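Step one of this worksheet: look at the structure below.
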Amino acid sequence: MVEKEEEQVSCPVCWVSSDLSEHNEATVATASDQSSSAESSSQKVIFAKTPCNHVYCRTCIERILLPDVATMGTCPMCRTAVSIFDLRHATTEKALYPSNSDVSSWPIANNVYKQFSVGRRRGLQSFQTDGIFRNTSFCFNQGHIPKLQYINKEDAGEASDVDDLQSVDFQRYHFHPQSMTFHGKLDFATPLSRPCGDSMCYSYSNFNCLLQFSSDGQYIRDGYIHWGYEPTTPDEYPLDGKWRVNWESGEPIEIYVQKHCFNCVGINYEITLDDKHRPRFE
């Protein structure tokens, strides 16, 4: 009888090795587990797999992903972008940090984080957004799904009517308690339109964010938010997309063309194509 050869793996960073053909339930890591040194001989080393199918010991890959922009980094082997929430157990393929966990266990539960132009209020902390929607806020009420809140008005200010406030549940979200980092993603059932001047508006189909909170949870200290533009077809709108505009004087600026319309320095433009597909700006 020919015995099956045991599958071995080693971490390419610290070179610790382990037998992946044996599975001990005690090694299945979840977000509540605390990482320990890979060199410890008192317990089995936990190996994590990235979306690009490279395997590392959990200790090493988390050390790589946690500095700088917390929970985000690149695979040391192929430089593919990796989030700590993408990691799976190398044997069971289970997520090391399951999504959509109970908000009530988070240290930021029952908090609302809202953008303000000046000052701070208790529970409502300043956060620099990209200015697409004013009064953007993030709500983490205990026992409820985290929500994105915003006011879809071009002239919305802090005194805007509460009836103007829109609220959408995050469909997929994670929280990493050690780094106090939240990831959230959502797709809009109907593309969200933002007026831009009198004659045009941009449309967005999705939203995702990374928010890193202070250690005491009082404010958002770093992160990013991204509104995903509604995609268009190149056959209908061949010039749609991100462009860099060079001026005769001044620094180049980046614009986004959607349905052959764009806003540049507060002025709206429309692109038309003649019978020879030459663009004209109006």
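Name every residue in region 239-268 that is at pLDDT below 85, touching a Gly at 6+ places or on another chain (Cβ under 9 Å) and not in a loop (DSSP other than H, G, I, E, B), in order of residue number.
Hits for region 239-268 are Asn263, Ile267, Asn268.
Taking into account only those residues within region 158-179 that are modelled with pLDDT under 90, outside any loop (DSSP other than H, G, I, E, B) and of a type outside the set (A, V, I, L, M), which is least open to solvent (accessible area, probe 1.4 Å)?
Asp164
Among (1) of a type outside the set (Lys, Arg); (2) part of a loop (DSSP other than H, G, I, E, B); (3) in contact with a His (Cβ under 7 Å, 6 or more places away or on another chain), which single condition is Phe85 missing?
Evaluating Phe85 over (1) of a type outside the set (Lys, Arg); (2) part of a loop (DSSP other than H, G, I, E, B); (3) in contact with a His (Cβ under 7 Å, 6 or more places away or on another chain) leaves (2) as the failure.
Quick one: would you say Ser99 is modelled with pLDDT under 65 and open to solvent by 40 Å² or more (accessible area, probe 1.4 Å)?
So Ser99 fails the test.
So, in region 227-282, how many residues would count as being within 26 Å of Ser137 (Cα to Cα), in contact (Cβ under 8 Å) with a residue 24 or more places away in the chain and open to solvent by 70 Å² or more (accessible area, probe 1.4 Å)?
Going through region 227-282 one residue at a time, the tally reaches 1.
Restricting the search to region 56-96, which residues are open to solvent by 50 Å² or more (accessible area, probe 1.4 Å), touching a residue at least 60 places away in the same chain (Cβ under 8 Å) and within 18 Å of Gly223 (Cα to Cα)?
Leu66, Val69, Met72
The values are calculated or read from the model by the stated rules, or taken from the named source; none is laboratory data. Everything numeric in this text was worked out from a predicted model, so none of it was measured. As a convention, Cβ positions derive from the backbone with ideal geometry for all residues, glycine included, and neighbour counts pool all protein chains shown. Side chains are part of the model used for accessible areas, which takes the heavy atoms of the whole protein and leaves out ligands, DNA and RNA. Shrake-Rupley method; radii C 1.70, N 1.55, O 1.52, S 1.80 Å.
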